[in-house]
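See structure below.
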Amino acid sequence: MNDDLLLDVRHLKAYFRSKQRTVKAVDDLSFTLKKGEILGLVGESGCGKSTTTKALLRLIGNQRKEYLEGEAFFEGEDLIKKSDKQMQKIRGNKIGFIAQNPMSSLNPVFTIGNQIAEVPQMHQRAAKNKAWSIALKMLQKVGISDHETRAKQYAHQFSGGMKQRAVIAMALAGNPSLLIADEPTTALDVTIQAQILDLMVKLRDETQAGVLLITHDLGVVAEVCDRVAVMYAGKIVEQAPVDELFHHPQHPYTKGLLASMPKIGSRKKLIPISGHPPNLYEMQGGCLFQERCPFAFDRCKNVEPPLHKIAENHQSACHLSSERMNSF
Amino acid sequence: MNRDYKPFIRVDHLKKYFPVAKNWRGKNSQYVKAVDDVSFSIDKGETLGLVGESGCGKSTTGRLLLHLLTPTSGSLFFDGQDLTQLSKQALWQKRREMQFIFQDPYAALNPRMTIQDSLHEPLKAYGEDKRTRSETIKTLIDAVGIPSQYLNRYPHEFSGGQLQRIGIARSLALKPKFVVADEPVAALDMSIQAQILNLMKELQHAFNYTYLFISHDLSVIDYMSDRIGVMYLGKMVELTDRDALYQEPLHPYTQALLSAIPIAEPQRSKNKIMLKGEIPSPVHPPSGCHFRTRCPFAKAICAEKEPEWVEMKKGHYVACHVVQEAHQ
Amino acid sequence: MLKVWNRYRHNLLAVSGLAFILLLIVIAIFARQIAPHNPYTMSTAARLTGPSSSHWFGTDQFGRDILSRIIYGSRISLQVGIIAVGFSFIVGTVMGVIAGYSGGWVDSLISRITDVLFALPDILLALVIMAILGPSLNNLMLAIGIVYTPIFSRIARGAVLNIRDSLYIEAAYSMGVKKIKILWHHILPNILSPLIVQVTLSFAFAILSEAALSFLGLGVSPDTPSWGIMLSSAKDWMELSWWTAVFPGIAITLAVFSFNSVGDGLRDVLDPRTGTGN
Ligand SMILES: Nc1ncnc2c1ncn2[C@@H]1O[C@H](COP(=O)(O)OP(=O)(O)OP(=O)(O)O)[C@@H](O)[C@H]1O
Ligand SMILES: Nc1ncnc2c1ncn2[C@@H]1O[C@H](COP(=O)(O)OP(=O)(O)OP(=O)(O)O)[C@@H](O)[C@H]1O
Ligand SMILES: [Mg+2]
Ligand SMILES: [Mg+2]
């Protein structure tokens with residue numbers, strides 16, 4: 001096994017079951033994350049990004065309504081096989097998690113400071129006043145002024161961006177070796193966003209932590225990520241180093257995504273990718289993107305394209321790009 | 001200027017102070033000056049973009065405009081009427097014409113109600129019959145790209161972006177004349193973001209909607225707005241036409257903000273103006289100009305006197321000593 | 001409703017609890033037909049006899065059949081539980097919701113009243129009320145009801161305060177939903193679960209309080225078959241005749257436990273977030 005490897009996810013499946021249907025939110029997903037690497041995960045709204053993070057953290061499990069399968073090796077151990085108790089020790093300690101919805105991590109009846117202080121108290125057995133001072137320091141680090149007063153406030157007294165930063169402070173308080181950040185900067189203005197991204201890069205530089213960063217902001221991806229994985233309908237459809245992906249996108253979905261980005265100064269009507277996102281429960285055979293793909297041809301209807309190596313470190317799941325490779 | 005000219009929405013010297021601490025007699029002694037003396041107007045059919053640092057008072061301004069919060073002082077006119085003077089019943093009638101798209105889509109939906117019920121609720125409140133309701137909802141939900149089979153699910157069964165779109169559909173269901181959109185596309189991927197922005201623009205063209213559009217994404221603001229206001233620590237610091245703002249930003253904070261925009265081109269180096277210093281506290285804001293502690297151009301006068309809100313060129317307002325001196 | 005039941009029935013404990021409560025209700029209604037003996041008939045010859053084929057649960061110090069007394073006792077227990085807890089649940093919730101939702105001086109007034117009631121020990125308060133009203137079953141239920149009102153009021157007020165600031169309440173208001181509707185559709189369903197849990201707990205306490213007060217001569221008369229009276233009077237004979245205490249004890253425990261597990265089950269299914277788990 002590779003020593004640099006921090007996270008190795010193989011054939012991960014996470015479904016939501018109800019009586020009428022099964023939603024295949026994550027379907028046979030594989031990727032790796034090296035130590036000290038920042039991997040960007042982008043993709044259409046509802047394609048299964050958050051579900052992936054929840055599966056890795058085992059916030060969804062194998063139950064009546066949820067189905068989880070596959071392997072996810074973190075520092076050599078399979079997270080999927082761990083007991084709930086073991087996971088509790090890992091969450092918030094070795095793996096820091098910034099949930100997409102900050103309110104799901106914040107309790108409305110405890111002060112923000114108490115909730116952050118709980119992390120070092122629980123995982124590092126820090127004494128109460130020590131934990132409190134760690135909490136204050138973290139709040140300061142994420143750019144919340146007047147942190148001593150603010151620490152004693154409740155979630156509803158914080159602005160949207162302040163809540164988000166409180167959750168970031170909580171995730172970083174445990175000094176994690178893997179940080180999973182689900183849209184951590186959606187509510188932050190660009191200057192504070194830059195500060196938060198800087199904080200993550202620092203964490204990476206100083207402790208060789210790996211970061212899985214989910215974001216819709218391709219500008220953010222371009223600035224901080226080393227590699228990008230593009231997800232569509234529960235699967236990874238393209239994977240490449242940042243430069244490569246922005247300059248030579250292969251998959252038609254990636255191309256469409258890049259093209260629908262608004263640019264300052266250009267007032268042209270934005271062009272979204274045509275068609276609707278697929279239902280995740282009535283998946284037809286073949287390529288999942290074919291109905292919306294301007295280049296689709298016969299084979300796309302019948303055969304599902306596997307992730308194909310196109311260049312060093314660059315993979316794409318499209319018949320066209322693999323064909324182009326073969327014709328060379 | 002025409003003397004009879006009445007803007008659609010006008011706020012004068014609007015203030016909102018939140019108490020944060022009580023003294024020993026149980027009286028409020030300290031306040032967060034969330035919105036501190038802000039004046040502006042919005043024309044009918046216009047989009048005013050609002051940007052600014054996290055926690056600077058954007059959402060609070062939006063809430064004040066819809067009278068969801070009672071202002072500490074100041075007046076606010078909607079369609080020629082002072083909302084603070086209206087009776088309960090009259091205000092309720094007016095509510096139909098003004099809607100809020102909330103920043104946090106998870107929290108804005110009751111977790112125990114199906115999406116269907118939540119969508120019907122506002123229409124029911126204004127006495128629409130069942131058929132009209134279902135039709136309105138069907139059209140909207142299609143327009144934002146949520147399959148109608150999903151309607152009887154609960155909020156926790158949706159992804160972040162799906163909920164955001166449901167929130168948008170819910171706010172637009174009443175066909176309001178004025179919409180405060182608080183970070184309405186923060187959780188959407190570029191392609192669906194494009195779809196939603198186009199939808200909002202189309203509605204504006206068709207029904208002459210007026211928007212207050214709050215976002216931290218400056219390319220989205222650029223695409224949507226006619227005029228843009230920049231806030232810093234409870235105050236408006238600059239307000240002008242979109243083009244003027246991007247081409248010749250006057251206020252140093254606006255300049256810093258524009259320079260910090262992440263660009264979706266890896267390895268393109270940029271001259272970012274990194275703001276130094278801590279974000280000052282809204283409880284004890286700096287004397288004089290609030291921005292002076294982080295301003296690269298600050299002078300002695302900035303600490304002594306609060307800069308005035310001056311129209312430097314036609315329609316271009318700015319509050320900054322340095323700029324105003326340079327122009328004299 | 002059907003959906004709630006479908007989720008509920010997967011919880012074995014809650015279903016058993018519900019089954020036992022239903023059984024109890026049936027027993028209470030048909031006590032006369034079910035009971036093998038008259039619960040009041042004394043017999044000096046059969047004093048304190050152990051369980052046997054004619055007296056399955058044995059007899060008490062007056063020779064009365066314990067099984068029959070337990071069967072009849074279910075009537076009193078259920079009646080006291082339902083009426084007293086129903087009273088405190090309704091009155092307490094209304095008070096708490098008004099206090100929490102309206103705030104201001106109304107809140108201060110209601111909170112002061114509940115604080116005062118809360119400060120007194122339960123039994124003492126009940127004793128005072130009973131002393132004023134005079135001993136009878138109705139007054140006993142009223143007294144127990146009053147004693148448990150403040151706790152419901154507190155829980156309801158706390159829960160309302162907790163969600164009054166939620167964004168979805170503000171969202172509904174901003175969309176023109178009237179305050180009274182918000183109360184019905186958003187606030188009440190969301191504060192129900194802590195109240196339901198409290199109902200089950202109070203049920204247990206009500207059954208026990210009835211016993212205590214009856215024992216002190218302030219409730220039903222001592223020869224009335226009531227689980228509480230049976231248990232308290234058994235304490236003098238327990239060492240010699242275990243059955244006098246054990247069977248009423250089991251009855252109380254089972255009833256209390258059933259109400260608790262029903263409460264837990266309900267709480268789970270009423271919340272769609274935890275309800276989806278197992
Ligand atoms: N508990 C659930 N039950 C049923 N379906 C669910 C549940 N949670 C998520 N889903 C569905 O699974 C799919 C993936 O959801 P997920 O939250 O992972 O999307 P996402 O990629 O994070 O999207 P976004 O960018 O909008 O946050 C969505 O279509 C969603 O509707
Ligand atoms: N209900 C409240 N009670 C006390 N303080 C509040 C309340 N609501 C907002 N504030 C404070 O008012 C200030 C402005 O908040 P607001 O939500 O308007 O910021 P914002 O500009 O929308 O920020 P963001 O971009 O992070 O959402 C913040 O300091 C916040 O803590
Ligand atoms: Mg998500
Ligand atoms: Mg906000």
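The values are calculated or read from the model by the stated rules, or taken from the named source; none is laboratory data. Only a predicted model underlies this, so the values are computations on that prediction, with no experimental measurement involved. Cβ: placed from backbone, ideal geometry, glycine included. Neighbour counts: every protein chain shown. Accessible surface is based on the protein model in full, side chains and every heavy atom, while ligands, DNA and RNA are left aside. Shrake-Rupley method; radii C 1.70, N 1.55, O 1.52, S 1.80 Å.
In the set (1) farther than 30 Å from B:H156 by Cα; (2) at the interface with chain B (Cβ under 9 Å from one of its Cβ atoms), A:Q124 fails one condition alone, (2). Per the listing B:D226, B:D189, the residue uniquely touching a residue at least 40 places away in the same chain (Cβ under 8 Å) and either within 16 Å of ligand 1 (Cβ to nearest atom) or open to solvent by 10 Å² or more (accessible area, probe 1.4 Å) (or both) is B:D226. Every test in (1) under 21 Å from B:Y246 (Cα atoms); (2) within 9 Å of chain B (Cβ to nearest Cβ) is passed by A:I271 save one, and that test is (1).
The conditions of being within 16 Å of ligand 2 (Cβ to nearest atom) and open to solvent by 50 Å² or more (accessible area, probe 1.4 Å) are not met by A:V167.
Among residues of the stretch A:36-47 being open to solvent by 10 Å² or more (accessible area, probe 1.4 Å) and more than 7 Å from chain B (Cβ to nearest Cβ), the one that is farthest from ligand 4 (Cβ to nearest atom) is A:G36. Checking each residue in the stretch B:68-99 for being among the charged types (D, E, K, R) and open to solvent by 20 Å² or more (accessible area, probe 1.4 Å) picks out B:D79, B:D82, B:K88, B:K94, B:R96, B:E97. Checking each residue of the stretch B:147-159 against the condition of being among the hydrophobic types (A, V, I, L, M, F, W, C), under 17 Å from A:D217 (Cα atoms) and within 12 Å of chain A (Cβ to nearest Cβ) gives no match. Just checking, does the stretch A:83-97 include any residue being within 13 Å of ligand 1 (Cβ to nearest atom), away from chain B (no Cβ under 14 Å) and part of a loop (DSSP other than H, G, I, E, B)? The answer is no, given that none of the residues of the stretch A:83-97 is within 13 Å of ligand 1 (Cβ to nearest atom), away from chain B (no Cβ under 14 Å) and part of a loop (DSSP other than H, G, I, E, B).
Candidates in the stretch C:155-165 are the residues that are out of contact with any helix residue (DSSP H, G or I) (no Cβ under 6 Å at 6 or more places or on another chain) and more than 7 Å from every other protein chain (Cβ to nearest Cβ); of these, the one that is nearest to C:P121 (Cα to Cα) is C:G158. Criterion first (in contact with a His (Cβ under 8 Å, 6 or more places away or on another chain) and surrounded by 20 or more Cβ atoms within 10 Å (Cβ to Cβ)) does C:I163 satisfy it? No: the conditions fail for C:I163. Kindly establish whether A:F73 is away from ligand 4 (no atom under 16 Å from the Cβ) and closer than 24 Å to B:G161 by Cβ. Here the answer is no, as A:F73 does not meet what is asked.
Residues satisfying the criterion are absent from the stretch A:299-315 (criterion: open to solvent by 50 Å² or more (accessible area, probe 1.4 Å) and over 23 Å from A:L29 (Cα atoms)).
Here is a yes/no grid of residues against (1) among the basic types (K, R); (2) open to solvent by 40 Å² or more (accessible area, probe 1.4 Å):
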{"residue": "C:N138", "(1), (2)": "no, yes"}
{"residue": "C:M141", "(1), (2)": "no, no"}
{"residue": "C:I144", "(1), (2)": "no, no"}
{"residue": "C:S153", "(1), (2)": "no, no"}
{"residue": "C:R157", "(1), (2)": "yes, yes"}
{"residue": "C:I169", "(1), (2)": "no, no"}
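Checking C:A212, C:A171 one by one, the residue that is at negative phi and touching a strand residue (DSSP E or B) at 6+ places or on another chain (Cβ under 9 Å) is C:A171 and no other. Test B:L250 against the criterion of being in contact with a Cys (Cβ under 9 Å, 6 or more places away or on another chain), open to solvent by 10 Å² or more (accessible area, probe 1.4 Å), away from every other protein chain (no Cβ under 11 Å) and hydrophobic (A, V, I, L, M, F, W, C), and give yes or no. For B:L250, the condition - in contact with a Cys (Cβ under 9 Å, 6 or more places away or on another chain), open to solvent by 10 Å² or more (accessible area, probe 1.4 Å), away from every other protein chain (no Cβ under 11 Å) and hydrophobic (A, V, I, L, M, F, W, C) - is met.
Scanning the stretch A:142-185 for residues that are assigned to a loop (DSSP other than H, G, I, E, B) and within 16 Å of ligand 3 (Cβ to nearest atom), we see that the one that is farthest from B:K16 (Cα to Cα) is A:E183.
Is it fair to say A:L179 is more than 16 Å from ligand 4 (Cβ to nearest atom), closer than 13 Å to A:M138 by Cα and either open to solvent by 20 Å² or more (accessible area, probe 1.4 Å) or at pLDDT 90 or above (or both)? Judged against the criteria, A:L179 is not a match. B:D104 meets all of the listed conditions (1) within 15 Å of the chain's Cα centre (by Cα); (2) of a type in the set (D, E, K, R); (3) over 30 Å from C:R267 (Cα atoms); (4) in a loop (DSSP other than H, G, I, E, B) but one, namely (3). In this structure, A:T53 qualifies as within 16 Å of ligand 3 (Cβ to nearest atom) and either within 14 Å of another protein chain (Cβ to nearest Cβ) or open to solvent by 20 Å² or more (accessible area, probe 1.4 Å) (or both). Note on the stretch B:35-67: residues that are part of a strand (DSSP E or B), open to solvent by less than 10 Å² (accessible area, probe 1.4 Å) and either more than 14 Å from chain A (Cβ to nearest Cβ) or within 11 Å of ligand 2 (Cβ to nearest atom) (or both) total 7. For the stretch A:186-204, check the following and say yes or no: at least one residue is within 11 Å of chain B (Cβ to nearest Cβ), within 16 Å of ligand 4 (Cβ to nearest atom), open to solvent by 10 Å² or more (accessible area, probe 1.4 Å) and not in a helix (DSSP H, G or I). Yes: the stretch A:186-204 contains one or more residues that are within 11 Å of chain B (Cβ to nearest Cβ), within 16 Å of ligand 4 (Cβ to nearest atom), open to solvent by 10 Å² or more (accessible area, probe 1.4 Å) and not in a helix (DSSP H, G or I). Of the helices (runs of 4 or more DSSP H) lying entirely inside the stretch C:171-243, those containing at least 1 residues that are free of Cβ contacts under 8 Å to residues at least 12 places away in the same chain span C:179-182. Screening the candidates B:K175, B:K138 for the property of being of a type in the set (D, E, K, R), assigned to a helix (DSSP H, G or I) and surrounded by fewer than 23 Cβ atoms within 10 Å (Cβ to Cβ) yields one hit, B:K138.
Of all residues in the stretch A:228-274, those that are out of contact with any strand residue (DSSP E or B) (no Cβ under 7 Å at 6 or more places or on another chain), open to solvent by 50 Å² or more (accessible area, probe 1.4 Å) and touching a residue at least 12 places away in the same chain (Cβ under 8 Å) total 4. Just one of the listed residues (A:L218, A:L320) is closer than 23 Å to A:G46 by Cβ and surrounded by 13 or more Cβ atoms within 10 Å (Cβ to Cβ), namely A:L218. Screening A:Q63 against (1) in a helix (DSSP H, G or I); (2) among the polar types (S, T, N, Q); (3) surrounded by fewer than 19 Cβ atoms within 10 Å (Cβ to Cβ) leaves a single unmet condition, (1).
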